[in-house]
Amino acid sequence: MDRPIRVLVAKPGLDGHDRGAKVIARALRDAGMEVIYTGLRQTPEQIVSAAIQEDVDCVAMSILSGAHNTLLPKVVELLKAENAEDILVIGGGVIPDDDIPFLKEKGIAEVFTPGTPTSVTIDFIKANVKRK
Amino acid sequence: MNLAERLLKGEKRAVARLISMVENHDSEAVEILKKLYHKTGNAHVIGITGPPGAGKSTLTDKLVKALRKEGKTVGIIAVDPTSPFTGGSILGDRVRMSELSTDPGVFIRSMGTRGHLGGLSKATQGAVKILDIYGVDYIFIETVGVGQSEVDIAKNADTTLMVMVPGLGDDIQAIKAGIMEIGDVFAVNKADRDGAKRTATEIEMMLDFNQSDWRPPVQQVIAINNKGIEELLDHIKSHMNYLKETGKLQRRRSENSKLEIIDLTQQKLINMILDKSKKEEMVNQLAEEVASRKMDPYSAAESILKNIK
């Protein structure tokens, strides 16, 4: 069935900069997706709770504070606990290349670092959402 | 366990999935709503409308927190506009309701209008039913920031809360038809700003012409500082009591059901007619002829209708 892909765009943790998240949100919107934007300083619990209620296909998190190794896997873990592991989880922001293999091992499908064209993220989401 | 059973058990994922199915015109969701429709009608449905930036989400957040203190459960449907060009949308009302996200007694759902006019999404009525069956005490529907004619909310809610802010226009705005007519309760938000008192007075003056025996109360609030929220909530509750005591609740709901039935019938008819003529490429052929002035659009529409008989 032809329906818009729903994506939750969230800013986990304590950093207060959401320009990147808003750029991504706008790009996904322009690609025809329904973007639920949750705003700054979200806990993993808030993100997962919103993802469940909004019935999203994808959770996209932007993080600049350095807490990615803790917060991103925590979201994956909480989604699993809710039997919602079919939701695609991606990350972006200031994340060192060295940390990416660890994050992928923990269930983050892909990590987009600064400079990635938004089209790459859009194509990745379109190709990898699990629900038809 | 099937979706209907999971919904009745109060599983949030089932609620969420069913709302998606209604949004996506899934016929299974319609079957479930048919079966469970008798379980609806218990929630007090409150529509919140007003111009963009009036503070509808912040006000909803505070009203819901006040209700949560009383131990009531709440569903929130927040509608935001869909792009007419790409079909995409940014649904951003949760930003103002962050703390409610993890409250087990609150369910928040954002919806895009997906091309529907009137301030709501076509699926809003379905979502209200699902939340009602799920068992919340109150359902808030927050419309897209409205202009002057987005009055659908009044056909979907028991109580319509109109949120105004100072500085939006003169007293002629207040007596125009449309949006100003549908408020059961008025809130003048950002009441710490210049002109709040004047806005409230202008609304009061408009209400002096009111014919009904319910006079909509006008409450000044400062949502961001939680000022005037308890009083506003009291007005909303009094409106419900008034509807119940006068028997108007049943009448209002019956009027709304009539509109819903007519709406559903129209949709079905139109789909039936258009599906058939689309299959036969009829619309395209007629469009060519009308565009090249070989036929007029009135006769084209008539020939589509004739085709059905």
- Message: Which one, B:Gly47, B:Ser83, B:Ile139, projects farthest toward the positive side of the charge dipole computed for segment B:45-154 from Cβ point charges (K/R +1, D/E -1)?
- Response: B:Ile139
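What is the interface area between chains B and A, defined as buried accessible area summed over both chains with a 1.4 Å probe, reported in Å² to the nearest 100?
Values: alone 16680 and 7010 Å², together 21340 Å².
For B against A, buried area totals roughly 2400 Å².
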- Using the Kirkwood radius over Cα pairs, work out the Stokes-Einstein diffusion coefficient for segment B:261-307 at 4 °C and 1.567 mPa s, in µm²/s as a whole number. 115 µm²/s
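What does the convex hull of the alpha-carbon atoms of segment A:33-79 project to on average, in nm²? Intermediate results must be reported in sequence, preceding the final value.
On the way: hull surface 13.2 nm².
Computing the convex hull of the Cα atoms and averaging its projections yields 3.3 nm².
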- Residue by residue, what Karplus-based ³J(HN,Hα) values in Hz, rounded to whole numbers, does segment B:37-43 have, using 6.51, -1.76 and 1.60 with θ = phi - 60° and x for Gly and Pro? 4, 5, 8, 8, x, 8, 7
- Item | Most to least accessible of A:Leu40, B:Leu161, B:Leu249 (protein chains only, probe 1.4 Å) | A:Leu40, B:Leu249, B:Leu161
- Task: Determine one quarter of the surface area of the Cα convex hull of segment B:3-247, which equals its mean projected area, and express it in nm² to one decimal.
- Result: 13.4 nm²
- Message: Quick query: amide H of A:Glu110 versus all other amide H atoms, modeled in the peptide plane; which residues come in under 5 Å with a sequence gap of 5 or more or a different chain?
- Response: A:Gly91
- Which percent of the accessible area of chain A is formed by carbon and sulfur heavy atoms (probe 1.4 angstrom)? 52 percent
- Query: Once the Cα atoms of helix B:12-23 and of chain B are each reduced to a long axis, what angle between those two axes, in degrees from 0 to 90 to the nearest 10, is obtained?
  - Reply: 50 degrees
- Message: For Cα pairs less than 8 Å apart in space and 6+ apart in sequence, what is the mean separation divided by the residue count of chain B, i.e. the relative contact order in percent?
- Response: 17 percent
- What value, in deg cm²/dmol to 500, does the helix sum -39500 (n - 2.57) over DSSP H runs of n ≥ 4 give at 222 nm once divided by the residues of chain B? -14500 deg cm²/dmol
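About the Cα centre of the protein assembly as shown, how large is the charge dipole given +1 on each Lys and Arg Cβ and -1 on each Asp and Glu Cβ? Please answer in debye to the nearest 20. Numbers along the way, then the final one.
Details: 59 positive and 61 negative charges, 137 e Å.
Taking the Cα centre of the protein assembly as shown as origin, the dipole is about 660 debye.
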- Query: Once amide H atoms are built 1.01 Å from N in the peptide plane, which residues 5 or more positions from B:Thr73, or in another chain, come under 5 Å H to H?
  - Reply: B:Asp137, B:Tyr138
- Task: Would you mind checking which residues have amide H under 5 Å from B:Lys227's amide H? H placed 1.01 Å from N; only 5 or more apart, or other chain.
- Result: B:Ile222
- Query: Which residue, chosen from B:Phe209, B:Val30, B:Ile153, occupies the Cα position most advanced towards the positive end of the dipole of segment B:3-247, where the dipole is computed from +1 (Lys, Arg) and -1 (Asp, Glu) charges on Cβ about the Cα centre?
  - Reply: B:Val30
- chain A - Kirkwood radius from inverse mean 1/r over Cα pairs (Å): 14.4 Å
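Provide, as a two-decimal number, the C-alpha radius of gyration of segment B:161-309 over 2.2 N^0.38 Å, N being how many residues it has.
Computed over Cα atoms of segment B:161-309, the ratio equals 1.64.
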- Rounded to the nearest 20 Debye, what is the dipole magnitude of segment B:3-247 about its Cα centre when Lys and Arg each give +1 and Asp and Glu each give -1 at the C-beta? 780 debye
- Task: Could you run the Karplus curve 6.51 cos²θ - 1.76 cosθ + 1.60 with θ = phi - 60° over segment B:104-109 and give me ³J(HN,Hα) per residue in whole Hz, x for Gly and Pro?
- Result: x, x, 10, 10, 10, 10
- Task: Between the chain alone and the structure with every protein chain in place, find the residues of segment A:16-32 that drop at least 30 Å² of accessible area; heavy atoms, 1.4 Å probe.
- Result: A:Arg29, A:Gly32
- Calculate how steeply helix B:248-279 sits against the longest principal axis of the alpha-carbon atoms of chain B, using the helix alpha-carbon long axis, and give the answer as 0 to 90 degrees to the nearest 10. 30 degrees
- Simple Cβ-charge dipole of segment A:20-132, Lys/Arg +1 and Asp/Glu -1, about Cα centre, in debye nearest 20: 220 debye
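Could you give the semi-axes, largest first, of the ellipsoid that matches the protein assembly as shown, computed as the square roots of 5 times the alpha carbon gyration tensor eigenvalues and rounded to whole Å?
Numbers: eigenvalues 257, 198, 100 Å².
Ellipsoid semi-axes (Å, largest first): 36, 31, 22.
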- With every protein chain present, what accessible area does A:Phe124 have (1.4 Å probe, heavy atoms only), rounded to the nearest 10 Å²? 40 Å²
- Give the dimensionless ratio obtained when the Cα radius of gyration of segment B:68-173 is divided by 2.2 N^0.38 Å. 1.15
- So which of B:Lys69/B:Lys129; B:Lys65/B:Lys155; B:Lys39/B:Lys279 end up more than 29 Å apart, counting from Cα to Cα? B:Lys39/B:Lys279
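Would you mind working out the accessible area per residue for segment B:115-219, using a 1.4 Å probe, and quoting it in Å²? Show your work: numbers first, answer last.
On the way: 4470 Å² over 105 residues.
On a per-residue basis, segment B:115-219 sits at 43 Å².
The values are calculated or read from the model by the stated rules, or taken from the named source; none is laboratory data. It should be emphasised that the depicted structure is a prediction, and the values quoted were computed from it without experimental measurement. We place every Cβ from the backbone using ideal geometry, glycine too, and count neighbours over all the protein chains shown. All accessible areas refer to the heavy atoms of the entire protein, side chains included, with ligands and DNA or RNA removed. Shrake-Rupley method; radii C 1.70, N 1.55, O 1.52, S 1.80 Å.
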